[in-house]
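Derivation of every value follows stated rules applied to the coordinates shown; laboratory data play no part. Owing to the predicted nature of the structure, the values given are computational and were not obtained by experimental measurement. In this analysis, Cβ positions are derived from the backbone assuming ideal geometry, glycine residues included, and neighbour counts consider all displayed protein chains.
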């Protein structure tokens, strides 16, 4: 899978579900795109993953702080941010398929069925996007992890 390691994905998902924490950022069209907004987040939180600033979101999604977590240790850096809205599953999948490569992310995996799962890599980072729907809302989980140099 072009450098994408399934073990890294499993570790990322396991860590994000077992650890809790909040990033404390507001939702916007571009996550922390402005230097001022990033400085405010960094002041309010002990750590913020730089790869999230390279992700674009469509309007209509808000961050669910209770379902978001992040961890930084000597050997691992990664986490999950959940966004919630009432948007169409297919259009969200298409949005990320179009915008991620434009921002330097290489698609390494994609599947679509009852949910959408997309995996991307870029220098030093891996990003997994999982989009699910319920009767009342659409969840977009964005997992980001640093890829350890070997």
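Before moving on, here are some points about what is shown:
- Listed peptides 64-77, 126-139 appear in the order 126-139, 64-77 once ranked by packing, highest mean of other Cβ atoms within 10 Å at the front.
- Using 0.36 nm per residue and subtracting the Cα-Cα separation, the extra length available between residue 89 and residue 134 on full extension is 15.2 nm.
- Simple spin-label estimate for residue 76 and residue 97 gives 3.1 nm between the two label positions (7 Å along the Cα-to-Cβ direction from each Cα).
- Centroid-to-centroid, using Cα positions, segment 118-147 and segment 54-68 are 11 Å apart.
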